[in-house]
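Down below is the structure, laid out as structure tokens.
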Amino acid sequence: FVAGSVYTDSITVETADGSTQLITVTMTGTDDAPSFGTAGKTANISEEGLPNGVPDMTGTPTDTTNALVSSGTFAIADIDGPALSVTLTAPSTVLTSGGQALTWSGSGTSTLIASTGGEVIMTISITNTGAYTVTLSGTIDHATAGAEDIASLGITVTASDGMLTTTGTLTVNIEDDAPLAVNDFATLTMGSNTAGNVSTNDLGAELPGTVESVVYQGTTYTASAGSSRSIPARGSCQ
């Protein structure tokens, strides 16, 4: 029954010799804290689901999904039956998108939004029963360039019945999407020029990217902005 309320009942007990005794029982209600069916949950999302992403099953250490959305539930309940309030706390981990730190809004509410420069990158929401949804809308900078590694962050989930609170943790894993270079072809006519962009048809959620090197006849040349290479008629690269 309700925390703080007192229930009293009395029973008269009669012995075999006819004597009686009054027994009084007093019970005081106490509050039980909300409980989590599972205190820790993991949401896996991937940049491979973004426009121009390259879905695959390759990852470091593993590739678990190509999806932008992950959902599940903590199955939060309270035996006392009061209305619960479930909120999310923004992570302390600093992640960036395009070199800019994510800004979190909604900490202490049921919806967290991560953004940079007004662009929404990720949204995390939860209901008062612990059902959550994590949605990736933009790219996250990862530690290893060119590898499909994982960036992780921890979200604190707090359930309150107005008197007591219980916390759990939602771990969000974001898989990187490595770029995929596609072959390019150009036709040259003697005495004329041709132009194009070798990255136009490449794939990857974080494009446009940059060209880092060019391989010609087995030799690798570092590419930098504004640089050029000439190939004489005999076919050797200078």
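See the values below:
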{"item": "Average Cα contact separation per residue, segment 35-175, under 8 Å, 6 or more apart, as relative contact order %", "result": "31"}
{"item": "Distance in nm between pseudo-label sites at Asn128 and Ala39 (7 Å out along the Cβ direction from Cα)", "result": "2.5"}
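Where a number appears in this text, it was derived from the coordinates with a stated rule and is not lab data. Computed from a predicted structure; not experimentally measured. Cβ sites come from the backbone with ideal geometry, for glycine too, and all protein chains shown count toward neighbours.
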